[in-house]
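To start, the structure itself, in structure tokens.
None of the figures in this text is laboratory data; all of them are computed from the coordinates on show. Just so it is clear, the model here is predicted, and its values are computed rather than measured. A quick note on method: Cβ atoms are made from the backbone with ideal geometry, for glycine too, and the neighbour counts reach across all protein chains shown.
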Amino acid sequence: MIASIHFEDDKKTLQVEANQPLTKICDDHPVSILFGCRSVACGTCLIEILSGMDNLSSIREEERILLDILVPDHPNLRLACQCVVQGDIRIRVAN
């Protein structure tokens, strides 16, 4: 299955194979998402999900804890390092 990812900041849309980590997709294609630790510790890769939240992997407890610290009450924000793209999404860098 193919997934469409629109990167609002880069004004770029990629067609990629679904069920890939967003980190791998970003490693393979130059986009504006920055990654620090890649292990739910820094929040550098904070992104806003403009559409398609249901097309990302579920939020695990480690990610939820850090999001609650960094951006409480913002349900449309995720850490890109924790997202597996399962379908079409539209995102932008949040910080």
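The HN-Hα couplings worked out from phi for segment 42-47 by the Karplus form 6.51 cos²θ - 1.76 cosθ + 1.60 (θ = phi - 60°) are 10, x, 4, 8, 4, 10 Hz, whole numbers, x standing for Gly and Pro. Cα centroids of segment 1-33 and segment 38-77: 17 Å apart. Ordering L79, L46 from the fewest to the most neighbouring beta carbons within 10 Å gives L46, L79. The label point for C37 and the one for D54, both projected 7 Å from the Cα toward the Cβ, are 3.3 nm apart.
Arranged from fewest to most other beta-carbon atoms within 10 Å of their beta carbon, T13, T23 become T13, T23. Ranking of E48, E17 by neighbouring Cβ atoms within 10 Å, starting from the fewest: E17, E48. If you average over every viewing direction, what projected area does the convex hull of the Cα atoms of the chain give, in nm²? Mean projected area of the Cα convex hull: 5.2 nm². Between helix 61-70 and the chain there is an angle of about 70 degrees, using the helix long axis and the longest principal axis of the Cα atoms. Phi angles of segment 80-85 translate, via the Karplus equation with coefficients 6.51, -1.76, 1.60 and θ = phi - 60°, into HN-Hα couplings of 4, 5, 10, 8, 10, 7 Hz per residue; Gly and Pro are given as x.
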